[in-house]
Amino acid sequence: GFVPATTLKLVEKGDLKGAILDFAKTLSGQPASIARAMANNIGDAKVDMRTTEQLGGVVDGRVKQGQFDVGNNTVSYNSDIPLTGHALLHEVAHVVTNSGLDNKLLPATIQLNKIFESVKGSLRGAYGAENVKEFVAEYMGNEKFKKELARLDINGNNIPVLRLVINEIGRASCRERV
């Protein structure tokens with residue numbers, strides 16, 4: 001669904017951490033915990049609103065809801081369409097995981113890449129099948145994607161992919177920032 005008006009106002013004011021914490025109040029359980037953890041790990045990331053055109057227009061028939069610009073550490077959301085909770089959390093997930101996923105030597109990155117490679121063909125055209133960064137960002141912000149991962153299993157081990165991702169991100173957050 002869409003974010004509350006209070007969350008949108010915080011985004012428009014440039015308060016990314018406040019926006020995430022405000023949105024987290026609308027969630028419960030693990031999604032709320034993930035949102036709060038992301039809010040507390042965004043560092044000095046900035047946020048702004050841009051038009052569809054400023055975000056690169058329509059790409060592959062889809063209007064971009066947002067993007068993360070690594071170079072200037074800025075999350076931009078589309079001002080032409082209503083902001084969804086999924087888009088809010090997806091882009092912030094890139095902020096908190098990008099540098100860790102760029103480090104190919106981190107144990108968590110190695111494991112998440114293995115998990116991603118083993119399931120990407122089974123993800124039914126999901127955006128999370130694009131690459132490991134989108135895979136992790138979708139896991140952190142998209143409940144439908146989590147349900148998809150919960151039904152998948154790697155090599156018939158009877159361990160849902162969702163459980164493997166949760167375990168690895170949990171271990172990583174104890175060791176290093178993914």
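Under the simplified labelling scheme, the residue 5-residue 117 pair shows an inter-label distance of 5.1 nm, with each label point 7 Å from Cα along Cα→Cβ.
Kirkwood-type hydrodynamic radius, segment 98-178: 12.5 Å, calculated from all non-identical alpha-carbon pairs. Taking every alpha-carbon pair within the chain, the share separated by more than 30 Å comes to 15 percent. The residues of the chain present an accessible area of 51 Å² per residue when probed at 1.4 Å with all protein chains retained.
Under a model in which nothing but the beta-carbon of Lys, Arg (+1) and Asp, Glu (-1) is charged, the chain shows a dipole of about 500 debye around its Cα centre. Between segment 10-64 and segment 75-150, the C-alpha centres lie 14 angstrom from each other.
Lys-Lys pairs in the chain that are eight or more residues apart or on separate chains and whose Cα atoms lie under 18 Å of each other come to 17.
The values are calculated or read from the model by the stated rules, or taken from the named source; none is laboratory data. Just so it is clear, the structure is predicted and the values come from calculations on it, not from any experiment. When we count neighbours, we look across all protein chains shown, and the Cβ atoms used for this are built from the backbone with ideal geometry, even at glycine. The area values use the complete protein model at the heavy-atom level, side chains included, leaving out ligands, DNA and RNA. Shrake-Rupley method; radii C 1.70, N 1.55, O 1.52, S 1.80 Å.
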